[in-house]
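FYI, it's all coordinate maths here, none of it is from the lab. Remember, predicted model here, so these are calculated numbers, not experimental data. Cβ sites come from the backbone with ideal geometry, for glycine too, and all protein chains shown count toward neighbours.
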Amino acid sequence: MQLIDTHTHLFVEQFDEDRAEAVQRAIDAGITKFFLPHIDSETTEAFYELCHQFPQYMFPLMGVHPSSIKEDYKKELDHVFKQYEIVKDRIPQAKFYGVGEIGIDLYWDKTHLKEQQDAFIQQLLFAKDQQLPIIIHARDSFNELFELVDKHNDDKLTGIFHCFTGNEQQAQHIIDYGGFKMGLGGVLTFKNSGLDKVVKQFDLSHFVLETDSPYLAPTPHRGKRNESTYLTLVAQKLANVFETDLKTVADLTTQNAKAIFGI
């Protein structure tokens with residue numbers, strides 16, 4: 001059985017003490033590919049270091065996280081776009097597999113909504129030009145994001161709505177775009193999230209698996225550091241939701257991830 005973690009931040013400081021061991025645990029558990037969404041300029045070097053450390057397993061994505069969009073966001077965008085020019089000289093993979101993590105986050109701070117909107121559109125248009133998928137962060141911001149994606153959606157726009165926790169109508173809206181999957185992680189395992197009931201209304205072909213480690217660890221590790229090894233717990237929960245076996249979930253979600261990232 002092979003699994004793909006489509007969203008993991010294994011390069012952040014929470015893994016500084018045991019990064020190599022955490023990656024190896026996940027590999028031993030059957031996770032064969034790790035997609036790494038970039039955060040901002042402060043994490044770039046650690047991000048590149050991990051790409052060098054496990055080049056056959058790490059698939060880098062480059063973008064600016066919406067929580068890092070402040071007054072000086074244009075500097076962050078310039079930094080990100082420059083990485084696409086120099087990537088061949090920086091990492092063994094010599095390319096980025098998507099533009100992310102981008103989006104709008106209105107949970108922590110609504111102060112910079114306009115800046116987040118502009119940064120999102122710029123990166124979305126760049127992704128379309130580069131024929132790359134986008135990884136969308138949508139925390140308390142589905143309506144704001146739908147308004148923007150509705151305007152720019154076409155057959156060139158693909159990607160993943162990361163950490164999907166929406167309702168049935170929002171899931172259908174995403175599916176209707178035609179080129180997007182929804183990322184499922186630890187929240188699916190939370191007892192009172194209700195996400196399992198939403199997910200069950202749709203076909204498995206619309207979902208990929210993720211951890212968002214070190215955040216949102218699944219039950220029974222909720223509240224502790226998340227790591228890619230725990231992807232197996234999310235996969236098992238999804239198998240339970242669809243009343244199928246783990247291998248079926250692994251095969252289908254892996255196929256879905258490969259389709260989005262073109263690998």
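Some notes on this structure:
- Short-range pairs are left out: with C-alpha atoms under 8 Å and at least six residues apart, the relative contact order of the stretch 151-263 is 24 percent.
- Amide H contacts under 5 Å for Lys181, placed H, 5+ residues apart: Gly159, Ile160, Phe161
- Asp155 paired with Gln169, simple spin-label distance in nm, labels 7 Å along Cα-to-beta-carbon: 3.1 nm
- When you restrict to C-alpha pairs under 8 Å that are six or more residues apart and normalise by the size of the stretch 57-168, the relative contact order lands at 27 percent.
- Positive-end extreme of charge dipole, the stretch 127-171 - chosen from Ala127, Phe164, Leu145 (charges on Cβ): Ala127
- The aspartates and glutamates whose alpha-carbon is closer than 14 Å to the alpha-carbon of Lys258, local same-chain residues fewer than 8 away aside, are Asp5, Glu210.
- Euclidean distance between Cα centres, the stretch 36-68 to the stretch 89-135, Å: 13 Å
- Protection proxy ranking, peptides 52-64, 211-223, average beta carbon neighbours within 10 Å, highest first: 52-64, 211-223
- Structural descriptor for the stretch 3-261: relative contact order 20 percent, calculated from alpha carbon pairs under 8 angstrom and at least 6 residues apart.
- Cross-link partners of Lys75 among lysines, defined as those whose alpha carbon lies under 17 angstrom from its own and excluding same-chain residues fewer than eight positions apart: Lys114.
- Estimated translational diffusion coefficient (Stokes-Einstein, Kirkwood radius over Cα pairs, 37 °C, 0.692 mPa s) of the chain: 180 µm² per second.
- Counted by Cβ distance under 13 Å from Glu85, the other residues give a net charge of +2, where Lys and Arg count +1 and Asp and Glu count -1.
- Taking each residue as 0.36 nm, the span from Ile27 to Leu246 lengthens on full extension beyond its C-alpha to C-alpha distance by 77.1 nm.
- Test item: Cα-centred dipole of the stretch 3-261, Lys/Arg +1 and Asp/Glu -1 on Cβ, debye: 500 debye
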